[in-house]
Amino acid sequence: MDFQRQTNRRLYEEHAATLQLLARAERVFTGRAGGYPPMTGDPAWPAFARALLTAIEVEVARHFEFEERDLFPRLEQAGDGDLAVLLNEEHVTIRAVARPLAGLLRQALGEGLQPQQWQAMKTLALEFSERLGSHAQKEDGALLPLLDNLLDEDTDRELFGAYAAG
């Protein structure tokens, strides 16, 4: 997509990176191999688990907080409060799945998981992937085009600078 505003382009790029990670999560947790914990010493598993954990604890948290604090109120003021409410409700639902998933990922990276815990993590990871993927696509199709028209150049520069600074 081609957006006029830096803020929109940045959020779109983050959505694209997230969708790639979620596709990887679906490959890891589905199929025959997804039914069992990875083999001891598998070098791909810790890297994947850390990437997913970072996405949950840093990227998703930071992204959601920015939208809730800086974008959704602007939508409400512009008369698009229904969209802001819907996206915020999805944030709540995604966080409710992300919290226990993050805990299981930390445990998997530490002392490891029992088979039953692996199954719980698999279920949570696939639900997280479904919910967050759908949410990112919804934002790409509805939120970002609205923001392209809603944000003026100065506001965009200010928001982008604040978001990029972290």
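Values in this text are rule-based calculations from the coordinates and carry no lab data. In this text the structure is predicted, and so the values were computed from the model without any measurement. Backbone-built Cβ (ideal geometry, glycine too); neighbour counts: all protein chains shown.
In table form, for the structure just shown:
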{"read-out": "Backbone HN-Hα couplings from phi across the range 140-145 [Karplus 6.51/-1.76/1.60, Hz, Gly and Pro as x]", "value": "4, x, 10, 5, 5, x"}
{"read-out": "Karplus-derived 3J(HN,Hα), 6.51/-1.76/1.60, for each residue of the range 128-135, Hz, glycine and proline x", "value": "4, 4, 5, 5, 6, x, 4, 5"}
{"read-out": "Positive minus negative residues near ASP82 (Lys, Arg vs Asp, Glu; Cβ under 12 Å)", "value": "-3"}
{"read-out": "Proxy reagent accessibility, fewest Cβ within 10 Å first, across PHE29, PHE128", "value": "PHE29, PHE128"}
{"read-out": "Least to most buried among TYR163, TYR12 (fewest other Cβ within 10 Å first)", "value": "TYR12, TYR163"}
{"read-out": "Ranked ARG5, ARG69, ARG157, criterion: other C-beta atoms within 10 Å, fewest first", "value": "ARG69, ARG157, ARG5"}
{"read-out": "Label-to-label distance, nm, for residues given as ASP2 and ARG99 (7 Å Cα→Cβ offset)", "value": "4.4"}
{"read-out": "Net +/- balance of residues flanking LEU132 in space, Cβ distance below 12 Å, scoring K and R +1, D and E -1", "value": "-4"}
{"read-out": "Computed helical MRE - 222 nm, the chain, DSSP H runs ≥ 4 contributing -39500 (n - 2.57), nearest 500", "value": "-23500 deg cm²/dmol"}
{"read-out": "FRET efficiency, GLU26 to VAL85 (Cβ-Cβ, R0 35 Å, nearest 0.05)", "value": "0.75"}
{"read-out": "Within-13-Å neighbourhood charge of THR155 [Cβ basis; K, R +1; D, E -1]", "value": "-4"}
{"read-out": "Charge dipole magnitude, Cβ of K and R +1, D and E -1 - the chain, Cα centre, debye nearest 20", "value": "1000"}
